[in-house]
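K.L.:
Just dropping this structure here.
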Amino acid sequence: MTTVKPLILAAAFSLAASAAQAQVELQWWHAMTGANNDVIVKLAEDFNASQKDYKVVPSYKGSYADTLNAGIAAYRAGNAPHIMQVFEVGTATMMAAKGAIMPVQTMMKDAGETFDPKAYLPAITGYYSTVKGEMLSFPFNSSSMVMWVNRDALRKAGLNPDQPPKTWPEVFEAAKTLKAAGFATCGVSTAWTTWANIEQLGAWHNVPLATRANGMDGFDTVLQINAPLYVKHLETLVALQKDKTFDYSGRTNTGEGRFTSGECPLFLTSSAFYGNVKANAKFDYSNAPMPYYPDVPGAPQNSIIGGASLWVMGGKPAAEYKGVAKFFTFLSDTDRQAKLHTESGYLPITKAAYEKVKASGFYDKNPLLETALKELTNKEPTENSRGLRFGGMVQMRDVWSEEIEAALAGKKSAKEALDAAVARGNEMLRKFEQTATR
Amino acid sequence: MEKRAIFQGRLLPFALVAPQLVVTLVFFYWPASQAVWQSFLQEDAFGLSSEFVGFANYRDLFAKADYYRTIGTTAFFSALVTALSLSIALFLAVQADRQLKGATAYRTLLIWPYAVAPAVAGVLWFFMFQPSLGLVSQGLRGLGFTWNPLLDSTDAMALVVMAATWKQVSYNFLFFLAGLQAIPKSVIEAAAIDGARPVRRFWTIVFPLLSPTTFYLFVVNVVYVFFDTFGIIDATTAGGPAKATETLVYKVYSDGRVGGDLGGSAAQSVILMVIVIALTAVQFRFIERKVQY
């Protein structure tokens, strides 16, 4: 008996193997954990069940930065995955790697899939497209920044929770009132400090971050984040940091717990924070659009996205690209997008899916999930609000954060800090330009 | 008397050493030479284009005030961690070396932290000292201290020093304890009979006899602080605020892996390698002379 078993097993394996050989395997590297990982696995399973020719194989590769580095290393070693999930700030790095990537729009056309770039929400695809509007990567999980509001806290401070503060001056006033009402250590705060106080601030006020349409038009871009709007905003934050009306919460989202614990009643962070708030906040909450400065003409403009997109790696046979193209068509399906959006909280990427969810009355019951979409579609994106594209953006954010930290700690004035951020950032941009355009 | 194995042929001894040689070649000399070569190149992250730039990467580094500050931070950090972890470990080892009830339990407890991975230790300390929710921070605030390693560079430095020291104390403790137990009791008893008090006995007999252990630990600790504290820094402060806790090895990571500047990062690791080789050489050359074996 014992000798028979392995034989049967071996036979089963070889059968499975020959069945699999007929299929083209498509590797999909991603950085999603927990519930988001389940979404990815489910999508792959559904796609694999929907047809027989291709098999999408998702594998988790660690954090966004780890996934990007794993992909780069694999490319250098000659075995890159077909599809790689890259966070929004890695866009310039990927784009500059001509030859290492396959532009999504070209791939779809070559594979003969119907593909209309206009079907997608411009505020989302704009971030991942060239100046001419050619879509380079396929948006996957997108979010934007919103202000989370602790409604119980507002009530306690005698403020109207149904009318949360709309402008920055109103937010600062509310924060002072909240502080006096017992929220002594933090009236208002933000996660992702540069995303909130520089990147989104610029887009929301239609003020450029840099020349050449925030770097989207070319790598010879020069930073402008020491313009009056940015300096004024940081100066205000520095002044309010002294008595903790505003209190710094770090460079990434590790400070988000300050909202759910009830410490910070007003908190700017990603709309994707929703799941966490729903699970952990033991108070009445809601969210509101990001505040703006009313004295800036045209504000608010539109917000920019965060999240990640799917890049197709270069140098694969046409037959495999056909499979990837089919998979992307599968992902763009209106019903699937609508379902993905309502179940996972990711923003829908097609106009049709947004309209469909809107028509279904979903947002009447779940208004919190629409805030980010309203921000993104508030106005037609301009050169200053389509997105940003800087080489080495991950480290660039660290550099900007360092300067913001120096200003908040009182070591530099706001103007000095932002001047230094510009100088140091430009140096990085020039270095990137040198290696990218050669 | 010297023990020596006599081999008949030439082949066998070489075959026996070969695995060790291969490991050293593959895991040290090969990557090290790659780093040296890479430090002369300027390359994009994907390796699609690379250009030989000579010493340009090194020139860039030394032209920036940034780099000198990182060297300063590293020197300060390593001096503090080495001094603290050695002296605390020695103090604990001397205390544990007595006839105590349950001495084994104390010793085991003191050794435990060494089994904790640096990143885990970092996360542990990060949680305890997290400015708004951390247990220790809440206690400090209750006592009237303001504690904010997110913005205050002194607080951040204190945090990484504490975490790195805590992690290394156990290792040092283990070696000190073994060293103490190897000191013949008769010498100490003789001193006691001559009327030397415990403190005197420690400084004139125990400490000099312990010097080989101390010297070994000193070298190991310096290397530890230079390289192994990466996980702790990454998990607690990520080099912040405003680079206040960025050490040389952290900068290699943040420029190369986060920033994608492989050439500049390779140049830094070559410099780091030279510094550590030089430090170790100096330690063996000068300090070892004072060690009594």
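K.L.:
Just for the stretch A:101-121: of the residues that are on the phi < 0 side of the Ramachandran plot and small (Gly, Ala, Ser), which one is surrounded by the most Cβ atoms within 10 Å (Cβ to Cβ)? It would help to see each step written out before you state the result.
P.N.:
From the stretch A:101-121, those on the phi < 0 side of the Ramachandran plot are A:101-111, A:113-121; that's our starting set.
When the remaining residues are screened for being small (Gly, Ala, Ser), the result is A:111, A:119.
Numbers: A:ALA111: 19, A:ALA119: 15.
Ranking the candidates gives A:ALA111 first.
K.L.:
Please go through the stretch A:331-351 and give me each residue that is over 24 Å from A:LYS132 (Cβ atoms), open to solvent by 20 Å² or more (accessible area, probe 1.4 Å) and part of a helix (DSSP H, G or I), ordered by number.
P.N.:
Selection gives A:THR334, A:ASP335, A:ARG336, A:LYS339, A:LEU340, A:THR342, A:GLU343, A:SER344.
K.L.:
Is it the case that A:MET94 is farther than 24 Å from A:GLU380 by Cα, surrounded by 18 or more Cβ atoms within 10 Å (Cβ to Cβ) and either modelled with pLDDT under 90 or not acidic (Asp, Glu) (or both)? Let's see the steps before the verdict.
P.N.:
On the way: farther than 24 Å from A:GLU380 by Cα: yes; surrounded by 18 or more Cβ atoms within 10 Å (Cβ to Cβ): yes; either modelled with pLDDT under 90 or not acidic (Asp, Glu) (or both): yes.
Against the criterion (farther than 24 Å from A:GLU380 by Cα, surrounded by 18 or more Cβ atoms within 10 Å (Cβ to Cβ) and either modelled with pLDDT under 90 or not acidic (Asp, Glu) (or both)), A:MET94 qualifies.
K.L.:
Considering the stretch A:285-334 alone, what residues qualify as being out of contact with any helix residue (DSSP H, G or I) (no Cβ under 8 Å at 6 or more places or on another chain) and farther than 20 Å from A:VAL56 by Cβ?
P.N.:
A:ASP295, A:PRO297, A:GLY298
K.L.:
Check the stretch A:226-238 and report whether any residue there is open to solvent by 20 Å² or more (accessible area, probe 1.4 Å), without any contact (Cβ under 8 Å) to a residue 24 or more places away in the chain and closer than 24 Å to A:ASN302 by Cα.
P.N.:
Yes.
K.L.:
So which residues in the stretch B:35-55 are within 32 Å of the chain's Cα centre (by Cα), more than 9 Å from every other protein chain (Cβ to nearest Cβ), among the hydrophobic types (A, V, I, L, M, F, W, C) and buried (at least 17 other Cβ atoms within 10 Å of the Cβ)?
P.N.:
Correct list: B:ALA35, B:PHE40, B:LEU41.
K.L.:
From B:GLY142, B:GLY122, B:GLY134, which residue is touching an Asp or Glu at 6+ places or on another chain (Cβ under 8 Å) and within 13 Å of chain A (Cβ to nearest Cβ)?
P.N.:
Numbers: B:GLY142 fails: touching an Asp or Glu at 6+ places or on another chain (Cβ under 8 Å); B:GLY134 fails: touching an Asp or Glu at 6+ places or on another chain (Cβ under 8 Å).
Only one candidate passes the filter, namely B:GLY122.
K.L.:
Can I ask one more? Can you find a residue that is in contact (Cβ under 8 Å) with a residue 12 or more places away in the chain, at the interface with chain B (Cβ under 10 Å from one of its Cβ atoms) and buried (at least 22 other Cβ atoms within 10 Å of the Cβ) anywhere in the stretch A:369-392?
P.N.:
Checking the stretch A:369-392: at least one residue is in contact (Cβ under 8 Å) with a residue 12 or more places away in the chain, at the interface with chain B (Cβ under 10 Å from one of its Cβ atoms) and buried (at least 22 other Cβ atoms within 10 Å of the Cβ).
K.L.:
A follow-up question, please. For the stretch B:232-286, what are the residues that are acidic (Asp, Glu) and in contact with an Asp or Glu (Cβ under 7 Å, 6 or more places away or on another chain)?
P.N.:
Initially, the stretch B:232-286 is screened for residues acidic (Asp, Glu), giving B:234, B:246, B:255, B:261.
Residues satisfying the conditions are B:ASP255, B:ASP261.
K.L.:
Where the second residue is open to solvent by less than 50 Å² (accessible area, probe 1.4 Å) and charged (D, E, K, R) and the first is farther than 15 Å from B:GLY256 by Cβ and lies in the stretch B:27-39, which pairs have Cβ atoms under 6 Å and are six or more apart or on separate chains?
P.N.:
none
K.L.:
Another one. Could you list, in sequence order, all residues of the stretch A:25-39 that are part of a helix (DSSP H, G or I) and either closer than 23 Å to A:ALA319 by Cα or over 18 Å from the mean Cα position of the chain (by Cα) (or both)? Break it down into steps so the answer makes sense when it comes.
P.N.:
Within the stretch A:25-39, the first condition is being part of a helix (DSSP H, G or I), and the residues that meet it are A:34-39.
Across the stretch A:25-39, the qualifying residue is only A:ASP38.
K.L.:
Can you pull out the residues in the stretch A:39-83 that are more than 14 Å from A:TRP311 (Cβ to Cβ) and hydrophobic (A, V, I, L, M, F, W, C)?
P.N.:
Residues satisfying the conditions are A:VAL39, A:ILE40, A:VAL41, A:LEU43, A:ALA44, A:PHE47, A:ALA49, A:VAL56, A:VAL57, A:ALA65, A:ALA73, A:ALA77.
K.L.:
Can you tell me which residue within the stretch A:72-91, out of those that are within 12 Å of chain B (Cβ to nearest Cβ) and in a loop (DSSP other than H, G, I, E, B), is least open to solvent (accessible area, probe 1.4 Å)?
P.N.:
Of everything passing the filter in the stretch A:72-91, A:ALA80 is least open to solvent (accessible area, probe 1.4 Å).
K.L.:
Assess whether A:GLY323 counts as being in contact (Cβ under 8 Å) with a residue 40 or more places away in the chain and either assigned to a helix (DSSP H, G or I) or surrounded by fewer than 18 Cβ atoms within 10 Å (Cβ to Cβ) (or both). It would help to see each step written out before you state the result.
P.N.:
On the way: in contact (Cβ under 8 Å) with a residue 40 or more places away in the chain: yes; either assigned to a helix (DSSP H, G or I) or surrounded by fewer than 18 Cβ atoms within 10 Å (Cβ to Cβ) (or both): yes.
Taking the combined requirement at face value, the residue satisfies it.
The values are calculated or read from the model by the stated rules, or taken from the named source; none is laboratory data. Since this is a predicted model, take the numbers as computed values, not measurements. A quick note on method: Cβ atoms are made from the backbone with ideal geometry, for glycine too, and the neighbour counts reach across all protein chains shown. For accessibility, only protein heavy atoms count, side chains too; no ligands or nucleic acids. Shrake-Rupley method; radii C 1.70, N 1.55, O 1.52, S 1.80 Å.
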